[in-house]
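Step one of this worksheet: look at the structure below.
The values are calculated or read from the model by the stated rules, or taken from the named source; none is laboratory data. All figures in this text were calculated on a predicted structure; none of them were measured in a lab. Every residue, glycine among them, receives a Cβ derived from its backbone with ideal geometry; neighbour counts consider all protein chains shown.
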């Protein structure tokens, strides 16, 4: 079990006896390296279809344009770059946005405070981060309830202990018991101190993005932050084609500080985009072109990710739906468009509409996870824990999905055809009518041969029944409890921890609580 | 709802007032056409890897060989064809098996008694058939118990009423309350009279395959059966590399009568094949080459399917595991090998190890269904209802999986980029900051735009909670009851029905019961 891998000292920054004592008691948690695909991508769109969509996206930008709201600075930058600005509408001549996007890097490294957990985002990589944004949490014992800061810390701990999760994420749930204007401080402090994986910054106010940068300067050092990317943050576009000043303000702070942004249309198809896959992809591409071009106007070379969060809709109820064929088709198509721009691609996740971590949740989630792997996603937010259309962070689903991410790792490794994998000696040794369990090749290879779940039930029926005939949710509840009970905080230089605490305390003291 | 689509008369064969009365009361059930893919296949193996596996498979056939057990006729055919026969071992010179396979058709039509439900197997098609073989059934109310003939009939009825299921299957569960030597008669009678979809024949004894042919001659007419394929039956190879006389005897009957056989290695990796993906694919290819070559020795041109039923294994417990990355890799690789032989391909299904229709079952199932769609499967047995490693036919999982098959249909249709799908008018009409719900394009297209589950929950949280906070299993239980309560038997010429009943009665009377 990954959480019980024993004590292993780790050298950190800084020093002092307290730091060394902290290090000696740290448990080493096994974390799989981010996925590097050794398999092809699945490409659903033909060259002709891609060209139609790309041409149409340029038409949208040139003839319809996009709105940059309450943002005179952005309008000025666009005017200077050659766009036609009329009020808040920005019409971008054909080819200009794509040309501006060319300064964005094809991939980048996001640094973690534990360098072993740095991640490369782009190319053939897939980095998995947990659910982002739910105001509610659910577990089997407590049901559905508003999320608190204690829940937030629990999810950060679970993320830290999840082998196949590479990233600590951002708003793993909304801590509704902390004032809105101070939440980001507690959330960042939790990611920085309870985990050593990379994390995301605040985007709910430009000033909170600035706070995020400043806390990173304490954690990593000021020079390090300016020279390296230590946060990847989520900038949603208000689809259709609207870039609001809050999100753009946060993007500006991050881009100026060399920090990464996911520029991501947030689309419920049929409401924020056309009901057709091709129409939605056209709008997604136009929006991403405009958003990423803008990031490069702010700072050429700023790291960015082509985002696409697109769900279908149940036209009977208006509810967003997940794991549907149209959502997968859009994901596959968006991946192709992103690769043609040579940009890292964000989509997918353990998305589902179900209210419970049941079969519906798992069908919908698995459909999306499979599409994300084969569709070339480089950064997968919501990879675990997402429930009820993103309204709920589920404890049980967090560990269920996190376990399934292991399937993606092994799948992505591809198929070896080296001499050992060819196994011709074994086939000859066993021969017709024999069996392989005892043969030399099996003995030499069985430990690595097959991926094995740490959660799911593989027991004989009688044993399973004697143990209470538990379903997946019950197995997951037990695993959550086990992980949280055995959690140990990763070592952090006490001087840095003290400085972070002092920063948070001072910031909180500097303003009254606000709850909206 | 598909079961409530109203009455529609249908013209059948034969005549008489009773037949017309039967037709007038028949309910028309909506059945989706078998899937015709308009998307590419996912190809995990490189050309180099494929050539290595193909070369190695020829080496296995030439140097190790395969066993045809208790089958002097088969040995004689092989000797005559140029193989080296030593005892029951058949060594096949390089290239011979592949050459013999060339007479097998690239695709074929399996006829149903309702011609609207004929299926094409091969090329870009995907035909879905239900679970095959479990001795147990499970439902939420009754738990796990031995299957009976009443269960069998219920599953045939559910299959008949499942929109996205194209095929009635074969042993949808083992009717353990009927003597072993008479079961096949009741099972075939159920498929022929309770459904009008295509079905499978018996393979448990060559004489039972002969009975299957004779019952088809009653149902379809003798000439029709000789000129057309009306059954697709499952011939498992005893891996590694053993062809037993019972299965080969059934294959011989079917091939001689122009009926289709799936020639399918049945492999739990690590036990019946090497623990490596490449080694397993080598053995699968060698076995299929030998089996299909043999079918063509029996009757050149006999319709056959390249089968691959391969699971991974939990090396801790020895239990077969499903929905794993290795199983998907083998499926993808086997699909490539089958296409290079220009043969229809069978694999996949709603496979899972879980004891319950819970999240584990759905993750594992969805992983396999996605691989089957993208891996080019043409005939998918076990597409719905499979539980507990195939030991159990689950009522709830049958309707859950059957609903998910709708995802595959829409996904396979691909992405249109015609003018309507481009939706440029809608994007211009709505513009930045608008919304699409009311626009003309949405109104014109919303009915067909998004696939919608007939089972899963898309309701607002409050409604869902008021209605009992049901999980997927509970929703599925309700659907099973609704379908079985509203089932109406499809019309069949009473003379044919009487002749089938008389055949079954006479056969049963001709021999004492046998229970093993």
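Condition check ((1) within 11 Å of another protein chain (Cβ to nearest Cβ); (2) part of a helix (DSSP H, G or I); (3) surrounded by fewer than 24 Cβ atoms within 10 Å (Cβ to Cβ)) across all residues:
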site	(1), (2), (3)
A:328	yes, yes, no
A:342	no, no, yes
A:361	yes, yes, no
A:372	no, yes, no
A:377	no, no, no
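Can you tell me which residues in segment A:173-204 are touching a strand residue (DSSP E or B) at 6+ places or on another chain (Cβ under 6 Å), closer than 23 Å to residue A:127 by Cβ and part of a loop (DSSP other than H, G, I, E, B)? Walk me through it before giving the result.
Quick first cut of segment A:173-204, residues touching a strand residue (DSSP E or B) at 6+ places or on another chain (Cβ under 6 Å) only: A:173, A:176, A:191, A:198, A:200-201, A:203.
The next check asks that each one be closer than 23 Å to residue A:127 by Cβ; those that pass are A:173, A:191, A:198, A:200-201, A:203.
If the condition is that a residue be touching a strand residue (DSSP E or B) at 6+ places or on another chain (Cβ under 6 Å), closer than 23 Å to residue A:127 by Cβ and part of a loop (DSSP other than H, G, I, E, B), then A:173, A:198, A:200, A:201, A:203 are the ones that fit.
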* Would you mind finding the one in A:234, A:251, A:188 that is under 18 Å from the mean Cα position of the chain (by Cα) and farther than 27 Å from residue A:285 by Cα? => A:188
* Asked: Looking at (1) more than 29 Å from residue A:480 (Cα to Cα); (2) at the interface with chain B (Cβ under 8 Å from one of its Cβ atoms); (3) buried (at least 24 other Cβ atoms within 10 Å of the Cβ), which is the one condition that is false for residue A:316?
  -> (3)
* To do: Please work out which one of (1) surrounded by 24 or more Cβ atoms within 10 Å (Cβ to Cβ); (2) facing chain A (nearest Cβ under 10 Å); (3) over 30 Å from residue B:400 (Cα atoms); (4) touching a strand residue (DSSP E or B) at 6+ places or on another chain (Cβ under 8 Å) is the condition residue B:281 fails and give its number.
  => (4)
* Applying the selection to segment A:141-155, what residues are assigned to a strand (DSSP E or B) and either without any contact (Cβ under 8 Å) to a residue 60 or more places away in the chain or crowded, with 24+ Cβ neighbours inside 10 Å (or both)? -> A:143, A:145, A:146
* To do: Name the residue, out of B:100, B:77, that is modelled with pLDDT of 95 or more, more than 11 Å from chain A (Cβ to nearest Cβ) and under 27 Å from residue A:417 (Cβ atoms).
  => B:100
* Which numbered condition residue A:234 misses (of (1) surrounded by fewer than 24 Cβ atoms within 10 Å (Cβ to Cβ); (2) outside any helix (DSSP H, G or I)) -> (1)
* Among the residues of segment B:497-506, is any in contact (Cβ under 8 Å) with a residue 40 or more places away in the chain, closer than 30 Å to residue A:276 by Cβ and either touching a helix residue (DSSP H, G or I) at 6+ places or on another chain (Cβ under 7 Å) or more than 8 Å from chain A (Cβ to nearest Cβ) (or both)? -> no
* Asked: Among the residues of segment A:256-269 satisfying the criterion of being surrounded by 24 or more Cβ atoms within 10 Å (Cβ to Cβ) and in contact with a helix residue (DSSP H, G or I) (Cβ under 6 Å, 6 or more places away or on another chain), which is farthest from the other protein chains (Cβ to nearest Cβ)?
  -> A:261
* Structure fact -> Conditions (1) away from chain B (no Cβ under 11 Å); (2) within 18 Å of residue A:264 (Cα to Cα) -> residue A:299 fails only (2)
* Asked: Restricted to segment B:22-68, and to residues that are in contact with a strand residue (DSSP E or B) (Cβ under 8 Å, 6 or more places away or on another chain), surrounded by fewer than 18 Cβ atoms within 10 Å (Cβ to Cβ) and at pLDDT 95 or above, which residue is nearest to residue B:128 (Cα to Cα)?
  -> B:36
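To keep it simple, each residue is scored yes or no on (1) farther than 18 Å from residue B:230 by Cβ; (2) in contact with a strand residue (DSSP E or B) (Cβ under 7 Å, 6 or more places away or on another chain); (3) surrounded by 23 or more Cβ atoms within 10 Å (Cβ to Cβ).
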residue: B:80; (1), (2), (3): yes, no, no
residue: B:83; (1), (2), (3): yes, yes, yes
residue: B:91; (1), (2), (3): yes, yes, no
residue: B:96; (1), (2), (3): yes, no, no
residue: B:109; (1), (2), (3): no, yes, no
* **Within segment B:431-450, considering residues that are touching a helix residue (DSSP H, G or I) at 6+ places or on another chain (Cβ under 9 Å) and farther than 15 Å from residue A:268 by Cβ, the one surrounded by the fewest Cβ atoms within 10 Å (Cβ to Cβ)** => B:440
* To do: Report yes if residue A:334 is more than 9 Å from chain B (Cβ to nearest Cβ) and part of a helix (DSSP H, G or I), otherwise no.
  => yes
* What tally of residues in segment A:379-425 results from selecting those that are within 21 Å of residue A:124 (Cα to Cα), surrounded by fewer than 24 Cβ atoms within 10 Å (Cβ to Cβ) and out of contact with any helix residue (DSSP H, G or I) (no Cβ under 9 Å at 6 or more places or on another chain)? -> 0
* To do: Residues being within 30 Å of residue A:357 (Cβ to Cβ) and facing chain A (nearest Cβ under 7 Å): count how many of those fall in segment B:422-458.
  => 7
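Pick from A:478, A:428, A:514: which is in contact (Cβ under 8 Å) with a residue 24 or more places away in the chain and surrounded by fewer than 16 Cβ atoms within 10 Å (Cβ to Cβ)?
Selected residue: A:514, the only one of A:478, A:428, A:514 that is in contact (Cβ under 8 Å) with a residue 24 or more places away in the chain and surrounded by fewer than 16 Cβ atoms within 10 Å (Cβ to Cβ).
Scanning for something within 19 Å of residue A:283 (Cβ to Cβ), in contact with a helix residue (DSSP H, G or I) (Cβ under 7 Å, 6 or more places away or on another chain) and surrounded by 22 or more Cβ atoms within 10 Å (Cβ to Cβ), does segment A:205-225 turn up at least one residue?
no
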* Asked: Can you find a residue in segment A:459-472 that is in a loop (DSSP other than H, G, I, E, B), buried (at least 19 other Cβ atoms within 10 Å of the Cβ), out of contact with any helix residue (DSSP H, G or I) (no Cβ under 7 Å at 6 or more places or on another chain) and within 11 Å of chain B (Cβ to nearest Cβ)?
  -> yes
* Asked: Going by the structure shown, is residue B:353 in contact with a strand residue (DSSP E or B) (Cβ under 7 Å, 6 or more places away or on another chain), within 11 Å of another protein chain (Cβ to nearest Cβ) and closer than 21 Å to residue B:130 by Cβ?
  -> yes
* Take segment B:379-396 and flag every residue that is assigned to a helix (DSSP H, G or I) and at the interface with chain A (Cβ under 8 Å from one of its Cβ atoms). => B:388
